[in-house]
Every structure is written in C-alpha cells, then in structure tokens.
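Worksheet for the structure shown next.
The values are calculated or read from the model by the stated rules, or taken from the named source; none is laboratory data. No experiment lies behind these values; they were computed from the predicted model shown. Don't worry about glycine lacking a Cβ; one is built from the backbone with ideal geometry, like all the others, and counts go over all protein chains shown. These area figures cover heavy atoms from the full protein model, side chains too; ligands, DNA and RNA do not enter into them. Shrake-Rupley method; radii C 1.70, N 1.55, O 1.52, S 1.80 Å.
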Amino acid sequence: MSRRYDAIVVGGGHNGLVAAAYLARAGKTVLVLERRDVLGGAAVSEEVFPGFTFSVCSYVVSLLKSDIIRDLQLSRHGLELLPLESTFTPLPNDDYLIRWADHDKTRQELYRHSPRDAEQYDRFGQLMNQIGMAVKPILEMVPPDPSRLSFAALRELVKLGRHFKSLGQEKFAALAKLMTMSAADLLDEWFEFEPLKATISASGIIGTFMGPRSPGSAYVMLHHYMGDIDGVFRAWGFQRGGTGEVSMSIARSALELGADIKTEAPVSKLMVQNGKAIGVALENGDEFYSKVVISGLDPKLTFLKLVDEKELPQDFVTSIRNFRIRGSSGKVNLALDALPNFTAIPGYGPHLRGAISISPSYDYLETAYDDAKYGNFSRQPFIDMILPSVLDPAMAPPGKHVMSCFVQYAPYDLNGGWNDAQREAFGDAVVDAIAQFAPNIKDIILHRQVLTPWDLENTFGLTEGNIFHGELSLQQLFFLRPAASWADYRTPIRGYYQCGSGTHPGGGISGATGQMAATEILKEWR
Amino acid sequence: MRYDSIIIGAGHNGLVAAVRLAKAGQRVLVLEKRHSVGGIAITEELIPRFHFNTCVDYIRWLHPRLLKELKLEDDRFKVQWTDPSVVTPLPDGNCLRLSADASTTAESIRQFSKADAENWSGFIDRIAQLVAFLEPLYSMTPPPVPDLGLEHLISMRGLLKPLRKYGRKTLVELLRVLPMTMPELLDEWFESEPLRGTLAASAIHGLCQGPMAVGTAYLFLHNHVGCRNGALRPAGFVQGGMGNFSNALAAAAEHLGVDIRTNAIVRKILTDENQAGGVLLGSGEEFKAHRIISNAGPSVTLLDLVGRENLEPRFTRQVKAIKYRGAMARIHLALNDLPRFRVFTDEADLRGVISISPKLEYLEQAYDAAKYGRCSYHPYLEIVIPSLTDSTLAPDGKHTMSITLQYAPYQLRQGEWNKGTKEALLQSALSTVSEYAPGFGDLIEDTVVLSPLDLEEQFGLTEGNINHGEMMLDQFFFMRPVAGWAQYRTPIENLYLCGSGTHPGGGITGAPGWNASREILRDLKN
C-alpha cells in the first residue's frame, strides 16, 4: 500500500503537468501518472531516428500563457522559444508570398502582390488583435452554467453580459459574426491576393474537419491568433530541443515543487466509492489513493474508458458519446540529408527559418478538404512545415536536418481503414506535394516517419487522432465543452476533475485548461 | 396626395405591413414594380394555359396572428397540407415517405433501419421542443445586443412559455444544436442514408452551402418552426396557387383603404438631412410620405435606392458585406400527362414534395460543384406537381411540374447565365428525374428555366437569393440584416425594412412584415 496523495493526475501531457505543478505549488502532494516512457503527451520530443530529434506531434508554440511561464518559472527550467521569422508560401507559378516578423518587410512584400492588401494588412491585424483582446477574458473565465439558476451562475452570466457590453456595438458585432462565419468570407472582406487569403485562412482549418469556406473556420483562425496578442506578428516560436522541452520544463518545475511523476504507469481505471473518486488502479494492478483525481485525457477516455458508465448519469454519458472528436490531420517527420531547395527561392535563406505553408489558394485547400469529406486522405494536402534543425542545430547530426510537416486532411475514418499501405501512400502524397515546390526533396530524405490519425490515437491516446481533444466547433466551446453543466472542470463524480484540452478554452500548447482546473480544485479545498 | 406610409414592394411582407398600418388608421400606398402583387409569392401563367408558382411552391409556417387578425381564413385562402409531405425515391426502387403521422413515417423508415424507426418519435419531439423556442423568437424584434436594458429583457418574455414547459436544459440544447452541421445533428439519431439525406435537404434550401456546413442545423430548425404535429418537411399548398395568398392579403389591404399600384418602379428613396420623405418612380412621378417602408432586400434598399452617398461609410461596408450567394434555380414544366415514377405505388406520392435526396453525401457533392462556381451535374431536386391537387392550374388531363434545383450558383466561374447555360441546367435536371421516372422526357410540352440571374432581374432578389440574404448564423437574429440595425429601422430616419432580409428571415411567413409594422407603430406612438 503506497502513500495517499492529495491529488493524482492521470496523463503527463502538458496540461496535466501544469495542473500538477500548480497544486504542488499550493503545498499539495501530487502524483502524475504517465502511460508512456516520455512525458509531454502530444507535446513531446523524441529521437525517432538515431541523431534526429523530432517534436513528434505538436511542433510550434505560441499560445503558452505568460502567467504560467512566470508562476512556474519555466524559463529557469529550460523554456526557450526561438522565434519563427516568417511564413513562406511557395506558389505554383514559381513566385512566392512571404510574411516576415519584420513589419516593414512584410508590407514591402505585400506591396509587390497587391498595394491594396498591403494597406489593409495592418488594419486587419488590429481588428484581430482587438477581437483577441475581447475574447481573452472569456477564455480565462470558468464557463458559467446557464441551465442552473444558482446565485453564483447568475453572477457569472451577468459578468459575461457586462463584458460584452463593455466591447461596444461594433466590436461585439465583429466578434459575433466571427464566431460563425467562414475564414474565407472574413478574409474576402479584407484582401484580394488569393495566396495571402489562403495562407491566413489555413490557420482556420488546422485541426478541424472544415475547409476555409466552411462557416466556423473564422473562429478557429481567431483561436490561433490568440498567440499574437502580446506581440505583433503571429508570434509562433520553436522550443529549443523540440516541443517536448516545453513539457519537460513544466515537469522540472513540478518536481522541484515536490510533485511525484511516474512514467510507464498506465492507468486502467478510476476507483470510485459511494459516488466519490478515491484513487486509480494501474494496468499492472497497482493502486494509488488520493483525495482527488484529475484526468488530463480527452473526454472520451476520461469518461468512457477510465470510468464505469454506471457511475455517471445517463444523459451525461450520451453527451460525451456525442462529443465530436474526429481527427483530420496527420504528421510526417522527415530526416533530411540536406536542406530542401525551393524553386521559388532557391538555396539557403531566411525563408527556411520560419513556417513554410503549402496553401497556394482557397481551391487548393477546399479540394484537399473534399477528399476528406468522402473518407479519403488529400491527394494534394495542405502542409505546414518547419525545419527545426535550422533554428536549433542540435536536433540533427551536423549538416543534416529534420523537417516537421503537419498535414491535412487525413480523416480518421478512412475508407477501408488505415493500414501500412495506406500510411505509406499518404506519406508519398505529402512528399509529392512538397516536391512540386521543392523538387529535390525526394533525393534528400534519409528517413520518414508518417503518423496517421490512427497512429496518433494509438501512440498518444488522442481519441480519433484529434489534436484538440475534441473539435473546436461552436457547440463544443465554452459552457458546452465538453458537456453542458460540466464545463467547470468538475465531473458528475465527486473528487474527479478534468484538465485536458477537451475542456474550456480548448486545445493548443497553452496550459490554460491545466491551470484553470488547478485553480478550481484549490478553490474547493479552501 | 400625401400618404402616411409608402411601402416599396408588394411582396407578402410588404402587404402584411400595409394591412397592419392601415388598420392603425394610416394612409398607405404600396408600390410594386411588377405587373402583379405578391413578390415571390405569386402564381403566373408562364406557359399558355399552365399556371405556376414562379418562385415558391408552398408555405410551412405563417405568423400565428396573421390568419386571425387579417381574417384571411375564408373562401379566399385555403391551404392543403399533403400527406405524405415528402417522398424520396431511391435508385434501387424503394422510397421513403415522411407523413404527418409519426408511426406511419416510422414504418416507412423501418425498411432502411430498425433503429432509426425507433428513434423517429424521439427526434420529432426534440425538434418540436427546440422550435418551440424559435417561434416566440421569430415573433419578436431582436434586441440591440449587447446594450441590453431591462425593457429588452422584458420584450423577450415570449421565451418564458417554452422555458417553463421544457426547461432551461432544452434552451441550452438549442444553443448546442443551432451551430451544428446536419451530419453532426443526424449522427446523434439516425444511420440510414435516405432519411439523413431527406432531412438534410431542408437544411440547405436556398443556401450556397452543403449540409456539412456549420449552421445548417439552424436552417433545418428554421424550416420547421411551427410544425408541431410531427410532420417534418411540411408542405402547405395554397389553393389556386401561391399567388392567392398574396391576392388575399392585397384584398384585405385594399378593403382597409390601402392604395396599391403595380408597374410602379421605385428608382430612388428621397432623403433630406438623413430623413426619408418620399420616393421617385422610374416614370418621374414623385410620392411624398412621412415614412418609407421597404420590402426590397437590404442591399437594394440601402445601396441602390438610398444610395451610398447618403450613408455612413461604416454602415455601407456592413451592408456590402451581407452575403447573398443565390444558388437555386427554378424549372417549370408543362406536362401532357402525369409522370410515372418507378417506385411510387400511390398517386398520393405525387401530391406532396418529391425529394431527390438519396443520401446526405449526394447533397454535399451537389454543393461541391457550386463551391468552384459550377452547376451540379447531379443536382438536388425538389419536385412538385401542383396541378394534381388543384386542377385549375393546367388544362384538362395535363399537368404542371415545378422543380427547385440546387446548386446553380449565381456567380459562374466559366461563362455566364444565358440560354446555353440554362439549357445545360435543364438537361441535368431532366436526366436526373428520368433516372427515377423513365420516359418522363416524352411528356414535356414546354419548359421555363429561371436562373439565379433571372430571379435577380425579375424579382429584385440580390444575387438571386430567395431569402434576401443567406440564412446562416452570422446573419441571424440581431445580426440580420446587419448588427446594430436589426430592429427594422435604418440609419435613415423614417426608413424601415420589412422584407426577408430582416429577422426572422426567409420563407412565406409574414413575420418580418408583422414585426416591422409593430416597430413602426411603436415609433408612431412616441
């Protein structure tokens, strides 16, 4: 019989680690249990091929909350973000579009394509900033439950109403429209140069099962813009040593604050007594007891796998069953003998130090989406790439490189299901798509790791391979995430909490859900 | 002479407003540019001796007080609700029937899926609960969100009745369902393709989006407001044709002293110091009035008739951003006999709506073409044969058939709307019908095709959108026609809107006209 903890966190993903660190910081005894041998969940670095280290899943960071960085002293524990300097979009006519971290350079480049867009670009950035600022307080608030008429719930609703009122008519209207419109419609109101619109719209489809013309994609775009709130450009950065080091910095902080962390400790179920969580049992039969248990897993695993359905109200189980979590993306990690050579900008250059986006037009992205709608992976996929070894040479052996390719669309429900042949065919489609713009790519690939949604599910515990632990669609946000009446990190089981991306405010390496869950738990303990 | 109010456009909403204002003692003039009243609710002899409902075939819901207060329910106006309301023929020789009686429908569904048949009554109950909230919402003026005062909350008291009856949980459920896609909504209930396709078809009516778009669940609910008896996709055919509804309204108006002038094209709304005071006709005639009420769409009214020069640039931008994107064509056929559909055993099957919607993906694929500016090769068709229920519409033994076709995008990427493109559209419709009714082509005596461009030119529907603006969530409730001006007023004093471009939007409901007149009468009192 091992010692009894105040709190057990199931899953050593970054949100679980953040929750653990905050609880330890408040003087609680905490145990983190991670199924794999590495920490970080989807934010991991692994040496997949000898000498080549990859941010296997999540590969760029921008949303990590600054108060978490401060509170947990993450910089002291190894957090070091190397800024991405540009977003480079090669075009089929061997031209290109490049947006720089440097404002004036971007303006110059946009002028080359469309003076009108160059003028509009700043104003658009301002609008997104303003709307981002308007949404931020909502993201940082525990969702009220409009179906309860308790005093506390009403107070929260009034607070929300006041916030909206404070925005004023114009900003509120922009926000309301943005919540439901398509990224393409929004951008069409602002710009004319198609590759610019397509590349910006791409952040509205990442991780979703939508095309840029699908209503709802504007909100996802905004979600990804949240990272720029304190900066000017889309302030994405690459963590030295890979995204796993973000998780490791949180883990080191948690350890220093006194938390225990066990890897290779897969939890098989939540132990419940009289409707209250009392601990967890591991697959090997070990049991750990605690006052509270916090799940960093997605809602499906949290409620349908770890918990016996009998412990939950039937309508809640139905809600969780209906929670949409379709994965739509894959990841291709390449070990390269040399740098890719783009026809649009040959040779080495600063364009390789940022993001490279294969998103030349709306039609390109929509066609990619059409494939997925009917159960195929995209023959010509949208790809968002970075070359981490250019920024951090330690990621690859000298002279060699690693390339990280986020790919859409790869539907979880592939016709006929995913298998080895399909996985390779998908990898080939990705390499072919890159080769259209960087023809030497095929000759320089030393190794290739292809991750399909099934792989993401099997390896990282992302149900259906969804990188956000549940789609960021309007009916799964705020007080509906993951289910009505249970969006405040609590669950129908006393002492059982949720802290993963499947809760408000959702996915991305922000740490927000872990932090908010810890705050709620500590509130109850006081 | 000087009128109290001039109403531009004798569409049914304009006529409803005219009646209400005349009842309140106003001198009202209605100006209609076409040869007859009714706007899109008309019946015309498009082919000698064959009468067609040119734009809209049937009604689904009328503002509840309309019939009673306007005393329309007499000999002049009779509605026949067909049963089954919708029949969906399938390529394999089966067919699905949706009837008013739930158990009859369930029996029809059972041939495809036992589980779906079991779920049917639960589904229609749920839909009835959700639309029970929409109905009072549709009868109210949208509040000026986010600046809500107590009086606005009081104006929303209509929601209390469904709230008391179904509880706050159902209201939260409505918030969850509104932004859904049709597959998301249907996945929670049904598996069989014909049922999913047939239900999804009423979620795309008039929309340039497929059923997989966010917010199609809202349009689905919109099209079922007022349907309480469980008949989904209800269809009420007006005896003598849809025009009789408008004629009855016009008669009621004239009885109250309203002047109605047809063939009177309004060129300009006359404004002075931001005040509307009259209209200028194409003939050069001028009419003065204390207030002008426009039944035309918001863009026509504000950009064309008022003119940009008289509007604030910010407001102009908002109006220009209203999305129309008509994607519907109408095809009218004079037939020398009843068509013989392979699968129909009963003549009753031909009396309601025949829906070519074998599966949801069929509809989405039809949309895919429109996304790239092409007409669907395999379009979604909604077919009616009104002469079967009302023999006065066609010569003895002959029949009229009207087809609503989607998708036929207003903006074609290649070519334009002309005789050739319309002929191609007709052929795609005929070949689709022939798949289900072999030999059907031989029955055709004559045809009329109305493209979205024709609808724009003949009926003043911007971009051919039958609803005066896309029925999507970003143009819903307090955002219709634009945020800040959803109370039927405009920035021009004494100028009001009363058409489908205002809340609650399209369909032959009379609700926008009713709500607008309430606001006008309120302003009169103050």
Practice task
Sort B:306-313, B:269-276, B:189-196 for me by packing, meaning the mean count of neighbouring Cβ atoms within 10 Å per residue, highest on top.
Solution key: B:189-196, B:269-276, B:306-313
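Taking a ≥ b ≥ c as the square roots of the eigenvalues of the Cα gyration tensor of the stretch A:72-181, is the shape rounded (a/c under 1.5), prolate (a/b larger than b/c) or oblate? The partial results should precede the final answer.
Numbers: a/c = 3.14, a/b = 1.71, b/c = 1.83.
Here the stretch A:72-181 falls in the oblate category.
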Problem - Positive-end residue, the protein assembly as shown charge dipole about Cα centroid, Cβ charges, pick of B:Phe477, A:Ala43, B:His290 - result: B:His290
Handout entry: Partner chain coverage, peptide A:129-141 - average Cβ within 10 angstrom
Key = 0
Exercise for the section: For the stretch B:101-232, evaluate the Debye formula with one uniform point scatterer on each Cα (no solvent term) and list log10 I(q)/I(0) at q = 0.20 Å⁻¹, rounded to two decimals. Expected result: -1.21
Practice task
Pick out, from B:Tyr377, B:Ala429, B:Ser202, the residue whose Cα sits farthest towards the positive end of the charge dipole of chain B, with +1 on the Cβ of Lys and Arg and -1 on the Cβ of Asp and Glu.
Solution key: B:Ser202
Fill in the blank from the handout: If amide H atoms are modeled at 1.01 Å from N in the peptide plane, then the residues at a separation of 5 or more from B:Asp446, or on another chain, having amide H under 5 Å from its own are B:Ala334
Fill in the blank from the handout: The relative contact order of the stretch B:101-232, taking Cα pairs under 8 Å that sit 6 or more residues apart, comes to a percentage of 32 percent
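Can you give the FRET efficiency for A:Thr318 and B:Asn263, using 1/(1 + (r/R0)^6), R0 = 51 Å, r = Cβ-Cβ distance, to the nearest 0.05?
Numbers: r = 59 Å, r/R0 = 1.15.
After rounding, the FRET efficiency stands at 0.30.
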Problem - Paramagnetic reach from B:Tyr372 (point 7 Å along Cα→Cβ, amide N under 13 Å) across the stretch A:367-394 - result: A:367-371, A:379-380
Exercise for the section: Run the dipole for the protein assembly as shown about the Cα centre, Lys and Arg Cβ at +1, Asp and Glu Cβ at -1, nothing else charged, and hand back the magnitude in debye, nearest 20. Expected result: 3180 debye
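At 1.4 Å probe radius, can you tell me the per residue accessible area of the stretch A:1-57 in Å²? Don't skip to the answer; put the middle values down first.
Numbers: 1830 Å² over 57 residues.
Each residue of the stretch A:1-57 exposes 32 Å² on average to a 1.4 Å probe.
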Completion exercise
Once amide hydrogens are built 1.01 Å from N within the peptide plane, the residues lying 5 or more places from B:Gly278 or on another chain with amide H under 5 Å from its amide H are B:Leu270, B:Ala289
Fill in the blank from the handout: A correct Karplus calculation of ³J(HN,Hα) over the stretch A:396-402, with 6.51 cos²θ - 1.76 cosθ + 1.60, θ = phi - 60°, whole Hz and x for Gly and Pro, returns 9, x, x, x, 9, 9, 10
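With a 1.4 Å probe and all protein chains kept in place, how do B:Cys375, A:Cys499 rank by accessible area, largest first? Before the final figure, lay out each step's value.
Values: B:Cys375 40, A:Cys499 0 Å².
From most exposed to least exposed: B:Cys375, A:Cys499.
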Completion exercise
Membrane-span-like helices (DSSP H runs, Cα span along own axis at least 15 Å, mean Kyte-Doolittle at least -1.0) in chain B -> B:12-23, B:114-138, B:243-255, B:360-371, B:419-436, B:511-525
Completion exercise
Applied in sequence order to the stretch B:298-305, the curve 6.51 cos²θ - 1.76 cosθ + 1.60 (Karplus, θ = phi - 60°) yields integer Hz couplings, x standing for Gly and Pro, of x, 6, 4, 4, 8, 7, 8, 7
Exercise for the section: Enumerate the residues in the stretch B:147-178 having an amide nitrogen under 15 Å from the point lying 7 Å beyond the Cα of A:Arg162 toward its Cβ. Expected result: B:148
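Sort the stretch A:25-70 into rounded, prolate or oblate with this rule: let a ≥ b ≥ c be the square roots of the eigenvalues of the Cα gyration tensor; rounded if a/c is under 1.5, and if a/c is not under 1.5, prolate when a/b is larger than b/c, oblate otherwise.
On the way: a/c = 3.16, a/b = 1.44, b/c = 2.19.
Here the stretch A:25-70 falls in the oblate category.
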Practice task
Tally up the carbon and sulfur contribution to the accessible surface of chain B as a whole percent, 1.4 Å probe, everything protein left in place.
Solution key: 48 percent
Completion exercise
Here P(r) for chain A, Cα-Cα distances in 10 Å bins, as whole percents, is 4, 19, 30, 27, 15, 4, 0, 0
Exercise for the section: Work out, step by step, the length gained on full extension between B:Ser103 and B:Leu163: first 0.36 nm times the residue separation, then minus their alpha carbon distance; give nm to one decimal. Expected result: 18.8 nm
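Please go through the residue pairs B:Lys161/B:Lys323; A:Lys136/B:Lys161; A:Lys262/A:Lys305 and name each one whose alpha carbons sit more than 25 Å apart in this structure. Mind dumping the intermediate values first?
Working: B:Lys161/B:Lys323 33 Å; A:Lys136/B:Lys161 35 Å; A:Lys262/A:Lys305 21 Å.
As for pairs spanning more than 25 Å Cα to Cα, those are B:Lys161/B:Lys323; A:Lys136/B:Lys161.
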Problem - Three-way shape label, the stretch B:324-459, alpha-carbon gyration tensor, a/c 1.5 - result: prolate
Practice task
Note down the magnitude of the dipole of chain A about its Cα centre, charges +1 on Lys and Arg C-beta and -1 on Asp and Glu C-beta and zero elsewhere, to the nearest 20 debye.
Solution key: 1800 debye
Fill in the blank from the handout: Expressed in nanometres to one decimal, the distance between label points 7 Å along Cα→Cβ at B:Glu285 and B:Asp125 is 5.8 nm
Completion exercise
In order over the stretch B:25-37: 3J(HN,Hα) from phi, Karplus 6.51/-1.76/1.60, θ = phi - 60°, whole Hz, x for each Gly or Pro, gives x, 7, 8, 10, 10, 10, 10, 10, 7, 8, 7, 9, 6
Practice task
Using Cα positions and a limit of under 21 Å, work out the lysines in reach of A:Lys400, with same-chain residues fewer than 8 apart set aside.
Solution key: A:Lys331, A:Lys442
Practice task
Would you mind computing, in nm to one decimal, how far apart the modelled labels at B:Lys320 and A:Arg112 are, each placed 7 Å from Cα along Cα→Cβ?
Solution key: 2.8 nm
Exercise for the section: Give the range of the longest stretch in chain A that excludes all chymotrypsin sites (Phe, Trp or Tyr not before Pro) found in loop regions by DSSP and having at most 13 other beta-carbon atoms within 10 Å. Expected result: A:1-347
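Would you please name the chymotrypsin sites (Phe, Trp or Tyr not before Pro) within the stretch B:281-335 that are DSSP coil residues with at most 10 other C-beta atoms within 10 Å of their C-beta?
Values: sites: B:Phe287, B:Phe315, B:Tyr324; in loops: B:Tyr324.
Loop-located and lightly packed - none at all.
Where does the charge balance sit around B:Arg97 when Lys and Arg score +1, Asp and Glu -1, over other residues with C-beta under 14 Å from its C-beta? Could you put the intermediate results ahead of the total?
On the way: positive: B:Arg110, B:Arg233, B:Arg351; negative: B:Asp83, B:Asp101, B:Glu107, B:Asp116, B:Asp346, B:Glu347, B:Asp349.
Around B:Arg97, the surrounding residues sum to -4.
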Fill in the blank from the handout: Rounded to whole angstrom, the alpha-carbon centroid of the stretch A:39-102 lies from that of the stretch B:182-242 at a distance of 44 Å
Problem - Additional length obtainable on full extension of the chain from B:Ala348 to B:Ser36, 0.36 nm per residue less Cα span - result: 109.1 nm
Practice task
Taking H placed 1.01 Å from N in the peptide plane, check which residues at least 5 places from A:His447 or on another chain put their amide H under 5 Å from its amide H.
Solution key: A:Ala335
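Roughly what % antiparallel, to the nearest 5, for the DSSP beta bridges in the protein assembly as shown?
Values: 89 of 128 bridges.
Approximately 70 percent, going by the DSSP bridge assignments.
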Fill in the blank from the handout: Here FRET efficiency (C-beta to C-beta, A:Asp188 to A:His447, R₀ 25 Å, nearest 0.05) is 0.05
Exercise for the section: Return one whole number: the accessible area per residue of the stretch B:101-232 in Å², for a 1.4 Å probe. Expected result: 36 Å²
Exercise for the section: Hey, could you get me the Stokes-Einstein D for the stretch A:305-356, Kirkwood radius over alpha-carbon pairs, 25 °C and 0.890 mPa s, rounded to whole µm² s⁻¹? Expected result: 151 µm²/s
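Could you work out [θ]222 nm for chain A from helices alone, using -39500 (n - 2.57) per DSSP H run of at least four and dividing by all its residues? Round to the nearest 500 deg cm²/dmol.
Numbers: 16 runs with 188 residues, N = 526.
So the calculated ellipticity at 222 nm is -11000 deg cm²/dmol.
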Completion exercise
Only helices counted: for chain B, with every DSSP H run of 4 or more residues adding -39500 (n - 2.57) and the sum spread over all residues, [θ] at 222 nm is -10000 deg cm²/dmol
Handout entry: Full-extension gain in nm, A:Asp71 to A:Glu309, via 0.36 nm per residue minus C-alpha separation
Key = 82.0 nm
